[in-house]
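The values are calculated or read from the model by the stated rules, or taken from the named source; none is laboratory data. Worth saying up front: this structure is predicted, and the values here are computed from it rather than measured. Cβ sites come from the backbone with ideal geometry, for glycine too, and all protein chains shown count toward neighbours.
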Amino acid sequence: MAAALSITRGFVPRERTDFLDSLLGAIPRGALTEISGPPSSGRTTFLCSLIASATANGELCALIDVDDAFDPATASAAGVRLAQVLWVRCGGNLDHAIRAADLLAQAGGFGLVAIDMGDTPVRIVHRLPLAVWFRLRHAVQNTKTALVSLAGRVHAHSCSELKIQLSRDRAVWRGKLPGRLLEGFSVTAQCVKNHRPEPRSFTIVR
């Protein structure tokens with residue numbers, strides 16, 4: 001397998017775990033990784049964490065924002081070095097996003113190229129033919145770029161080397177009623193590589 005991205009910062013977890021560290025550092029270069037999960041599952045936080053970690057290591061990153069959902073202020077507060085991020089806004093045009101991903105994956109020079117389809121309806125992403133994912137996988141092969149797609153569910157299937165499937169379990173509260181504060185969410189991450197799942201849980205502090 002190609003070398004993985006070196007991860008130095010990421011989620012703000014309630015408790016640091018070996019699994020969480022390994023998950024953050026598992027994204028392979030020269031391959032496609034899928035991050036999937038429903039809203040409020042931690043998927044956007046995870047992607048932002050990857051970009052923050054990559055830019056902290058001096059990497060250039062490209063974020064292909066299908067639905068113009070990226071919030072630079074929030075990303076900067078999470079540790080993303082915005083000067084090292086190419087932000088491609090697609091205005092809801094998924095075809096433009098795929099073409100941009102293809103070009104940037106082949107261009108070289110980027111440590112991470114991410115396609116954020118988190119706000120794109122699943123039925124629209126599902127219409128993409130499998131040939132699109134084969135083309136993206138081919139575009140990033142033999143490069144030092146990690147290509148990551150984020151969506152509501154898995155779409156690339158055999159074209160992705162790694163799948164990270166996130167789901168929210170429960171809210172974590174601090175204090176006593178009636179003045180409790182929401183501290184975060186317990187999240188289950190299922191990391192699937194070579195068709196072998198490994199589910200674990202951790203907490204995201206919001």
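For the reader, a short list of remarks on this structure follows.
- Scanning region 133-165 for residues being over 14 Å from PRO28 (Cα atoms), in contact (Cβ under 8 Å) with a residue 40 or more places away in the chain and surrounded by fewer than 20 Cβ atoms within 10 Å (Cβ to Cβ) gives a total of 3.
- Test: residue in region 142-156 that is among the hydroxyl-bearing types (Ser, Thr, Tyr) and either in contact with a Phe, Trp or Tyr (Cβ under 6 Å, 6 or more places away or on another chain) or within 21 Å of SER49 (Cα to Cα) (or both): yes
- Of all residue pairs spaced 6 or more apart or on separate chains, those with beta-carbon atoms under 7 Å, a first member in region 69-90 that is touching a residue at least 60 places away in the same chain (Cβ under 8 Å) and closer than 12 Å to SER53 by Cα and a second member that is of a type in the set (Gly, Ala, Ser) and assigned to a helix (DSSP H, G or I) are GLY79/ALA52; GLY79/ALA56.
- Condition met for TRP133 (outside any helix (DSSP H, G or I) and either under 18 Å from LEU162 (Cα atoms) or at pLDDT 95 or above (or both)): no
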